[in-house]
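The values are calculated or read from the model by the stated rules, or taken from the named source; none is laboratory data. Bear in mind that the values here come from a model prediction, so they are computed numbers and not experimental data. Note that we place each Cβ from the backbone using ideal geometry, even for glycine, and neighbour counts take in every protein chain shown.
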Amino acid sequence: MAETEPRFLLDVMCGGLVAYLRMCGYDTAYAGERGLEADDDLLAVARAEERVVVTRDVELAGRLPEERSILLAAREVEDQLAELSGAGVSLELPDEPTRCGRCNGRLERVEPEERTPEYAPDPSGTGVWRCLECGQLFWKGSHWERVRETLSRTSQ
């Protein structure tokens, strides 16, 4: 993913999008994970970290330049994904995952000779990635395919 890709900050009304955007490779912060409740605090973080705010709050979106916010109307996640796609956000899974869906940390590939816990596949036969921040393991399993199918239904 290019360095010029937008970095997002999702308010608490858009939390269902967090994992999708991270799986698509976007650096995505979530207000709920950071304890950001007040609009002023959320806006301060968005400005300091140069993030685009994704919100359903008309008043909050109105406090930012148009290019620094995406206002969503939908409540359902699939409809919100469609709105993001319509706003020009590319919603495609990368060939290799780059972001942790849990904490937004960067992922590194687990070497084929490394051992993984029992719940994870053997990295010598399946690509496995580890989050550099929280240690969570990821691989392209059934969840990856469900997300791909959802994104294909919602992308324009």
* Structure fact -> Going through the stretch 27-76 in order, the residues found to be β-branched (Val, Ile, Thr) and buried (at least 17 other Cβ atoms within 10 Å of the Cβ) are Thr28, Val52, Val53, Val54, Thr55, Ile70
* Does Ala19 qualify as being assigned to a helix (DSSP H, G or I), under 23 Å from Arg130 (Cα atoms), of a type outside the set (Ser, Thr, Tyr) and at pLDDT 95 or above? -> yes
* Structure fact -> Those residues of the stretch 136-156 which are exposed (fewer than 13 other Cβ atoms within 10 Å of the Cβ) and outside any helix (DSSP H, G or I) amount to Gly141, Gln156
* Hey, any hits in the stretch 96-105 for a residue that's farther than 24 Å from Arg47 by Cα, in contact with a helix residue (DSSP H, G or I) (Cβ under 6 Å, 6 or more places away or on another chain), touching a residue at least 24 places away in the same chain (Cβ under 8 Å) and of a type outside the set (Gly, Ala, Ser)? -> no
* Filter result for Thr126 (β-branched (Val, Ile, Thr) and assigned by TED's automatic domain parsing to the domain that holds Arg148) -> yes
* Structure fact -> Across (1) touching a Lys or Arg at 6+ places or on another chain (Cβ under 9 Å); (2) closer than 21 Å to Leu151 by Cβ; (3) not charged (D, E, K, R), Leu17 clears everything bar (1)
